[in-house]
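Read through the structure below, which is laid out as structure tokens, and then see the notes.
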Amino acid sequence: MVGVESQCAGLPLICSDRVPQEVSIGDCSFLPLELGAGNWAQRVRDAFPPAGVETPRAQGVEQARSGGFDVTAQAGALSQRYLSLARGE
């Protein structure tokens, strides 16, 4: 959940290759833990622009929606499911 939230905020995500691929809705990288701390640190440095350069964090919201993480759409789908169950369908 934290991975999805960070991408919703427009932040890059760097996680272990043991994390499920479903977490990737935007700027997400998967690295093996065996690469070691130095390689991980370099990947983190590469994920962010140089100081003073702004990033387009607003696109994180759209990535979340297109990735199926839109609370409004999901609430509607869940509501329809409950109505179907109540009708015995």
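The values are calculated or read from the model by the stated rules, or taken from the named source; none is laboratory data. The model shown is predicted, which means the values in this text are computed figures rather than measured ones. Cβ atoms come from the backbone with ideal geometry, glycine included; neighbour counts cover every protein chain shown.
Quick test of your reading of the structure: Ser29 fulfils all but one of (1) part of a loop (DSSP other than H, G, I, E, B); (2) under 14 Å from the mean Cα position of the chain (by Cα). Name the failing condition by number.
In the conditions (1) part of a loop (DSSP other than H, G, I, E, B); (2) under 14 Å from the mean Cα position of the chain (by Cα), Ser29 misses (1) alone.
With Ala75, Ala51 as the choices, which residue is loosely packed, with under 12 Cβ neighbours inside 10 Å and either modelled with pLDDT of 80 or more or assigned to a helix (DSSP H, G or I) (or both)? Show your work before the answer.
On the way: Ala51 fails: either modelled with pLDDT of 80 or more or assigned to a helix (DSSP H, G or I) (or both).
Just a single option satisfies the conditions, and that option is Ala75.
Kindly establish whether Pro12 is at pLDDT 95 or above and either more than 21 Å from Ser66 (Cα to Cα) or in contact with a strand residue (DSSP E or B) (Cβ under 9 Å, 6 or more places away or on another chain) (or both).
no
Residues in region 58-70: is at least one more than 20 Å from Val2 (Cα to Cα), without any contact (Cβ under 8 Å) to a residue 12 or more places away in the chain and not hydrophobic (A, V, I, L, M, F, W, C)?
Looking through region 58-70, none of the residues is more than 20 Å from Val2 (Cα to Cα), without any contact (Cβ under 8 Å) to a residue 12 or more places away in the chain and not hydrophobic (A, V, I, L, M, F, W, C).
Within region 17-32, take every residue that is modelled with pLDDT of 90 or more and surrounded by 11 or more Cβ atoms within 10 Å (Cβ to Cβ) and give me the one that is nearest to Val71 (Cα to Cα).
The residue in question is Val19.
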